[in-house]
Amino acid sequence: MIGNRVFYNSSDSFGWRPFTYLAKLLAQVLDAELHHLEHCSNVRRFLSPFFGVQRQNGGAGDFYLARGSYEALNMARAVDRKTSRAWRVLWIIDSHMEIRELTAKVLSPFDLIAVTQFEEAARYEKLAPGRVIVVPWGSDVVAMHREPAPMRTTDVLRVGRQPQLFDDDAENAKLFTDAGLSFQGRPAFVSADAYLSQMSRNLRSAKFTMASSNLCDDSAHTDAVKEYVTPRWVDAISAGTIVVGKHPRVAETSPWIEQGLIVDCDISSKEAYVADISAALAKWTPQCAAYNIAYAFEHFDLRLRINAVLQRVGYSGAGLTQALTDLEQAKAANQVQIRAQAC
């Protein structure tokens, strides 16, 4: 009997740890076989053992998780269109990448195409009318808050790439220390399995997290034209920190500014940046962290993201039911903890 299957490709790069984590959680929720496609250029060769298997259990489907448009193209071209599956989903993470080869015909095997950027929805809708859903990056808020909350002893935490002006953590430490703020530099790189626990420990001990739009980063790893949100933004907010920096000007971040989850800062100079963070710190209370966490439980958890996709293809299963139950129980426990801290 052939059940649900999740196909993905990843790398050892630290930046793709959240992607690998998502693939494993998705397989758990779907009670699916998880297949890692080791070389994206040869996706058809890696998928060929699965071709020609007819659906036997009446409702099983295939979930293709692609890091970007080129990977999505290779996966789409490798799909065996003769194989009977209840549904096929393609979730493209870096959906802002545009390639001409990703056509309506190439995307036709998929019942649903999920993209992470609202700004890309219209473009994909033209290629797959009625079969597109926007599913932004999420965070495992449930797992992040399983352990008791630590004291937030760090004023400013650096996570991920920064604008060149703030890329040296030794200089950052002196900059913030001279201003009377405690600082912690970039955490050490760890394995994919240890990613969330390490990030949780660091983020949950901090009040503010440094992050800025990819357009402020001149490295070769980022898009130089289109802005987008990376996992560190939602991880930081989910942990209860407030993100400080130049935020991406995209639809996703507009409510974050309104809700105070992030503070848009002047990063044109070190003095201006420190002044903005110091002003925000003067207004900070533990309730700020509690609010961010509660917001994340309602809006960011990966179980909500996965459920939004699976609802569109009519999927229901014990793993999904348990995942949503876990989320509700964690939300309730978080509210109990907030009330206890207020007493």
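Could you give the length gained by full extension between GLU298 and GLN259, i.e. 0.36 nm per residue of separation minus their alpha carbon distance, to one decimal place?
Numbers: separation 39, 0.36 × 39 = 14.04 nm, distance 1.34 nm.
Full-extension gain reported as 12.7 nm.
Using protein chains only and a probe of 1.4 angstrom, how many square angstrom of HIS299 are accessible, to the nearest 10?
So the heavy atoms of HIS299 present about 90 Å² to solvent.
Would you rank CYS288, CYS265 by solvent-accessible area, highest first, keeping every protein chain in place and using a 1.4 Å probe?
On the way: CYS288 35, CYS265 5 Å².
The ranking, largest first, comes out as CYS288, CYS265.
Less than 18 Å apart at the alpha-carbon level, and either on another chain or at least 8 residues along: which aspartates and glutamates does that give for LYS331?
Once the sequence-local aspartates and glutamates are set aside, what remains near LYS331 is ASP140, GLU147, ASP235, GLU298, ASP301.
Which lysines have a Cα lying under 19 Å from the Cα of LYS82, excluding residues fewer than 8 positions away in the same chain?
By straight Cα distance, LYS82 reaches LYS105.
Whole-Hz ³J(HN,Hα) for each residue in segment 311-318, computed from phi via Karplus 6.51 cos²θ - 1.76 cosθ + 1.60 with θ = phi - 60°, x for glycine and proline: what do you get?
4, 5, 9, x, 8, 9, x, 4
Does segment 225-288 classify as rounded, prolate or oblate by the C-alpha gyration tensor (a ≥ b ≥ c root eigenvalues; a/c under 1.5 gives rounded; else a/b over b/c gives prolate, otherwise oblate)?
Numbers: a/c = 1.96, a/b = 1.14, b/c = 1.71.
Cα axes put segment 225-288 in the oblate bin.
Return the FRET efficiency for the residue pair GLN28, GLU147: r is the Cβ-Cβ distance, R0 is 22 Å, and the value is rounded to the nearest 0.05.
After rounding, the FRET efficiency stands at 0.65.
The values are calculated or read from the model by the stated rules, or taken from the named source; none is laboratory data. Please read all numbers here as calculations on a predicted model, not as lab measurements. Cβ atoms come from the backbone with ideal geometry, glycine included; neighbour counts cover every protein chain shown. Protein only, heavy atoms only, side chains kept; ligands, DNA and RNA dropped before computing areas. Shrake-Rupley method; radii C 1.70, N 1.55, O 1.52, S 1.80 Å.
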